[in-house]
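First up is the structure itself, then whatever we jot down about it.
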Amino acid sequence: MSESSEAVAASVAERFEQLYGGAPDGVWAAPGRVNLIGEHTDYNDGFVMPFALPHNVVAAVARRDDGVLRLHSAGVDGPVVNLTVDALAPQSDKRWTAYPAGVVWALREAGHPVTGADVHLASTVPAGAGLSSSAALEVVVALALNDLFGLGLRGWQLARLCQRAENVYVGAPVGIMDQTASACCEAGHALFLDTRDLAQRQIPFDLSAEGMRLLVVDTQVKHSHSEGEYGRRREGCEKGAALLGVDALRDIPFGELDTALRRLGDEEEVRRLVRHVVTEDERVERVVSLLEAGDTRAIGPVLVEGHASLRDDFRVSCPELDLVVDTAVAAGALGARMTGGGFGGSAIVLAEEPDVPAVTKAVEEAFAAAGLKTPRVFEAVPAAGARRLR
């Protein structure tokens, strides 16, 4: 464990003891993620390529055997929240506590004997930035309970249970990518994930060794219509699969896309959604091939292609994200695109190391000229997935 990780673990454990009057049984961490390529493909059984961030949700946890679940977050004002595990019910809680409570519910629904816990959480994952803070919260709680109750579950199994917690308990129709990335990514690698069977391949991704950097630009905006629009696009994808007679849009070969689009006739919105998903799956495979061939700089234009598809076909971008991408590319970046669900949040920018200051300055000046809040810009370095700290 690094000195900084040890310091974080000690701080969270100390606050746990103040809250609950005793030391935790352990401290765990689970990271947020950036998705390099493969957006809105995970709930279409497609391909994605995320990597973990150095930003984590950290949990100090102690096992309980009396059916009581006590939850506290350093990032939320208020006292410890007391719940009863036998009373947990889907969509009964609209607070932040629905995420960790949903994990307990999902574990128990799957037959695992989780009998309660005391939990204190602290996070450095920027909330609302499209970097998967909710999945990190779910995964860190799942990993802690897996260890404390001796459940013997593997990372991908924890990810499945966390997805079920968010789908059913919280009521958000998310795919499997975020939870799997948080649970399974490795430092220095991007995760090539087949979301149909959760087959994984760790792809080396060390930009600094090649003289490049990947920036995350958090626009610090989140448009309020995002939740309903996300669900509507998922329904549209399901409609497209049904009209084309396949289980999921992943089953439409890239080479047969034009034929499939003609079969959809005047279903213009569905045609756009289908076109994005099928071409995005192909882009993921192309990026994997380029990285494995050592041609990392060539992924830049693929990122820009992906953004155009998300903007024009899937229509989940927004003016702020478009401003980041257009400005960064014009300032000399190798490529850029929005990342995450869209309607705000973050974009990623691939740039040569010497160009980073100029690209960053150009984006900040463009936001200032547009009267927007200064974006938060930081370097994304592929980090370790969920793990026990102490």
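The values are calculated or read from the model by the stated rules, or taken from the named source; none is laboratory data. Note that the structure is predicted; figures quoted are calculated from it, not measured. As a convention, Cβ positions derive from the backbone with ideal geometry for all residues, glycine included, and neighbour counts pool all protein chains shown. Ligands, DNA and RNA are stripped out before the accessible areas are found, and what is left, the full protein with its side chains, is counted by its heavy atoms. Shrake-Rupley method; radii C 1.70, N 1.55, O 1.52, S 1.80 Å.
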(message) Against the condition assigned to a helix (DSSP H, G or I), out of contact with any helix residue (DSSP H, G or I) (no Cβ under 7 Å at 6 or more places or on another chain) and closer than 23 Å to THR360 by Cβ, how does LEU323 come out, does it pass?
(response) no
(message) Is it the case, given these coordinates, that HIS120 is part of a strand (DSSP E or B), in contact (Cβ under 8 Å) with a residue 12 or more places away in the chain and not charged (D, E, K, R)?
(response) yes
(request) Could you check GLN220 against (1) under 30 Å from LEU264 (Cβ atoms); (2) modelled with pLDDT under 95 and say which number it fails? (result) (1)
(request) Identify, by number, the condition in (1) surrounded by fewer than 16 Cβ atoms within 10 Å (Cβ to Cβ); (2) of a type in the set (D, E, K, R); (3) under 28 Å from LYS222 (Cβ atoms) that GLU280 doesn't meet. (result) (1)
(message) out of contact with any strand residue (DSSP E or B) (no Cβ under 8 Å at 6 or more places or on another chain), under 23 Å from ALA383 (Cα atoms) and modelled with pLDDT under 95: is that true of ALA127 in this structure?
(response) yes
(request) Please find, within segment 245-271, the residue that is nearest to THR339 (Cα to Cα) out of those that are open to solvent by less than 30 Å² (accessible area, probe 1.4 Å) and out of contact with any Leu (no Cβ under 7 Å at 6 or more places or on another chain). (result) LEU249
(request) Collect the residues in segment 278-311 that are more than 28 Å from GLU229 (Cα to Cα) and of a type in the set (D, E, K, R), keeping them in residue-number order. (result) ARG286, GLU292, ASP295, ARG297
(request) Looking only at segment 209-222, decide whether some residue is assigned to a helix (DSSP H, G or I), surrounded by fewer than 18 Cβ atoms within 10 Å (Cβ to Cβ) and not basic (Lys, Arg). (result) yes
(message) Going residue by residue through segment 37-56, is there one that turns out to be within 20 Å of LEU107 (Cβ to Cβ) and crowded, with 24+ Cβ neighbours inside 10 Å?
(response) no
(request) Specify the residue that is nearest to the chain's Cα centre (by Cα); the eligible residues are those in segment 71-100 that are among the hydrophobic types (A, V, I, L, M, F, W, C) and assigned to a strand (DSSP E or B). (result) LEU71
(request) Please enumerate the residues belonging to segment 101-145 that are polar (S, T, N, Q) and either open to solvent by less than 20 Å² (accessible area, probe 1.4 Å) or closer than 17 Å to VAL34 by Cα (or both). (result) SER123, THR124, SER132, SER133, SER134
